[in-house]
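Everything on this sheet refers to the single structure shown next.
The values are calculated or read from the model by the stated rules, or taken from the named source; none is laboratory data. Given the structure is predicted, the values throughout are model-derived calculations rather than measurements. We place every Cβ from the backbone using ideal geometry, glycine too, and count neighbours over all the protein chains shown. Side chains included, ligands, DNA and RNA excluded: accessible areas come from the protein's heavy atoms. Shrake-Rupley method; radii C 1.70, N 1.55, O 1.52, S 1.80 Å.
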Amino acid sequence: MTGAISTDRIEQLAKAFEADPHARVMQNAVTRTAIDAVALDHRAAVAAERSMSHQLDDWSATNQKMSGRCWMFAGLNLLRVGAAEELGLKEFEFSQSYLQFWDKLEKANFWLESVIETSDRDVDDRTVAHLLGSPTEDGGQWTMFVALVAKHGLVPKSVMPETQSSSETRQLNRNLGDVLRQAARDLRAAAASGESVDALRERKEGVLETVHRVLAIHLGTPPTSFDWQWRDKDKGFHRDGVLTPQEFAERYASLPLDDYVCLVHDPRPTSPVGRTFTVEHLGNVVGGPPVVYLNVDVATMKRIAVDSIVGGEPVWFGCDAGKMHDRDGGTWDAQLFDYDAVYGTTSDMTKSERLLHGATAMNHAMLFSGVDVVDGAPRRWRVENSWGTDKADKGFWTMTDGWFDEHVFETACRVDALPVELRDAIATPPIVLPAWDPMGALAQ
């Protein structure tokens, strides 16, 4: 059959492999040792110096455990710096499970609205298929974090602590996904029978009642108010009395989140620099701020991040964390593994080409908490991860500047940190990307 692998070709491939001594040595190594241990470039690994000319963190790293809440942890880690200072505490964490509860309820509502909006399309329509493929992901984006804080506020971790399901979300997501997909079936059937949008939304309210009940069973019931008192690091006692989550956020989340913009580095030819973008059906809070990106060159993104850190403020960012990383050593380096030397291949795809061909997308969000600047230019970055304290430098990783170029996609920065021409660009109508575009990937 045309295009099939013939028996003769299979024999040729086997003979070529047997005739290649390098391939046989690599086979001996990789069949007994993990490929990353074989491909690790020792020189790159030992060159991963951790010291930084500018380092902000003097706090402990957090742990998202077996959940996809990195974007939420990174946002809360950014806010907790000022909160700890205001409270006079060495260590402080906002409740991640509190925001997780509201994120999942809001996402369910947002998703059901998208199901209603697309109910006139075939079930195998690409957008509908995309929606049905991921009804209840943990992941998110910077703007989604801002929307949650603005609507639902914040509480200390002691007020709504972690549960088994907040830290290990697989079973919650599986069961909640079943509830939502069944609801999508029913909503689509009702729309096909001629029910109005208002009637479909009435049906949606019953689904949200179920979703709320499932979330409360797994995560606990979020407080509407709580009695807040604490002892500071010098043993001084303080009492604020009864606060709502919104009041607590207003008092202790001091950064003006509304004054931030999300920057992306999208080097695809179809994504002009200096233009804003949005992605269809991307978000969590209906009526909240839309997810809008401003595309900039990577040099601009790095310059703004450096200025923020030097000025004393960490930076939220999103990247493809799975590329060229040593989890035990806590290093990201674009030259860390020489897979080509092991396989006898040549890897030459650019960042743009990897985006176009499905080889990369943002999948993790963290916090830049330091940078090493030499002659005015960054050469490595210190990263507060949310993978616990048993790896890297007690949970803080080191990233080379070359890795930033290749694998960092997003940062959040204050609008007034932008050059004037880019500030003007924020107000322009965004280019709308389809729901499945890689720029719509969620950090997990």
Check: Quick one: net charge of E106's neighbours, Cβ under 12 Å, K/R +1, D/E -1?
Finding: +1
Margin query: Using alpha carbons only, how many angstrom separate the centre of the stretch 259-295 from the centre of the stretch 152-169?
Written below: 29 Å
Margin query: Within the stretch 273-428, count lysine pairs with alpha carbon atoms under 24 angstrom apart where the residues are 8 or more positions apart or belong to different chains.
Written below: 5
Next item on the list: Determine the share of the chain's accessible area contributed by carbon and sulfur atoms, expressed in whole percent, with a 1.4 angstrom probe.
Entry: 51 percent
Check: Given 0.36 nm per residue, what is the gain on full extension from V30 to D198 after removing their alpha carbon distance, in nm?
Finding: 54.5 nm
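Rounded to the nearest 0.05, what FRET efficiency do A189 and M66 have when you use their Cβ-Cβ distance and R0 = 30 Å? Can you show the working numbers first?
On the way: r = 35 Å, r/R0 = 1.18.
Efficiency, from the Cβ-Cβ distance: 0.25.
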Next item on the list: In vacuum, with every alpha carbon of the chain counted as one equal point scatterer, what does the Debye formula give for log10 I(q)/I(0) at q = 0.08, 0.12 Å⁻¹? Two decimals, please.
Entry: -0.53, -1.10
Notebook entry, point to check: Gain in length, F237 to S167, computed as 0.36 nm per residue apart minus the alpha-carbon separation, to one decimal in nm?
Noted result: 22.1 nm
Check: Nearest 20 debye, what's the magnitude of the dipole of the chain about its Cα centre given +1 on Lys and Arg Cβ and -1 on Asp and Glu Cβ?
Finding: 760 debye
Note to self: Just to confirm a number: summing +1 for Lys and Arg and -1 for Asp and Glu over residues other than S134 whose beta-carbon lies under 11 angstrom from that of S134, what do you get?
What the structure shows: 0
Notebook entry, point to check: Per 5 Å bin, what percent of the C-alpha pairs of the stretch 192-323 does each bin hold, from zero upward?
Noted result: 2, 7, 9, 11, 13, 13, 13, 12, 12, 5, 2, 1, 0, 0
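Determine the gain in length on full extension of the stretch E209-V46; use 0.36 nm per residue of separation and subtract their C-alpha separation, reporting nm with one decimal.
Numbers: separation 163, 0.36 × 163 = 58.68 nm, distance 5.45 nm.
Length gained between E209 and V46: 53.2 nm.
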Next item on the list: Select from L187, T210, S225 the residue farthest towards the positive end of the dipole of the stretch 148-239; place +1 on Cβ of Lys and Arg, -1 on Cβ of Asp and Glu, and compute about the Cα centre.
Entry: S225
Margin query: Quick check: net charge around G312, other residues with Cβ under 12 Å of its Cβ, Lys/Arg +1 and Asp/Glu -1?
Written below: -4
Item checked: Simple Cβ-charge dipole of the stretch 233-361, Lys/Arg +1 and Asp/Glu -1, about Cα centre, in debye nearest 20 -> 180 debye
Checklist line | For the chain, with +1 on Lys and Arg beta carbons and -1 on Asp and Glu, the positive-most of T2, L89, V273 along the dipole | finding: L89
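With charges only on Cβ, +1 for K and R and -1 for D and E, what is the dipole size of the stretch 214-276 about its Cα centre, in debye, rounded to 20?
On the way: 7 positive and 9 negative charges, 45 e Å.
So the magnitude is around 220 debye.
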Note to self: Using a probe radius of 1.4 Å on heavy atoms only, what accessible surface per residue do you get for the chain? Whole Å² is fine.
What the structure shows: 47 Å²
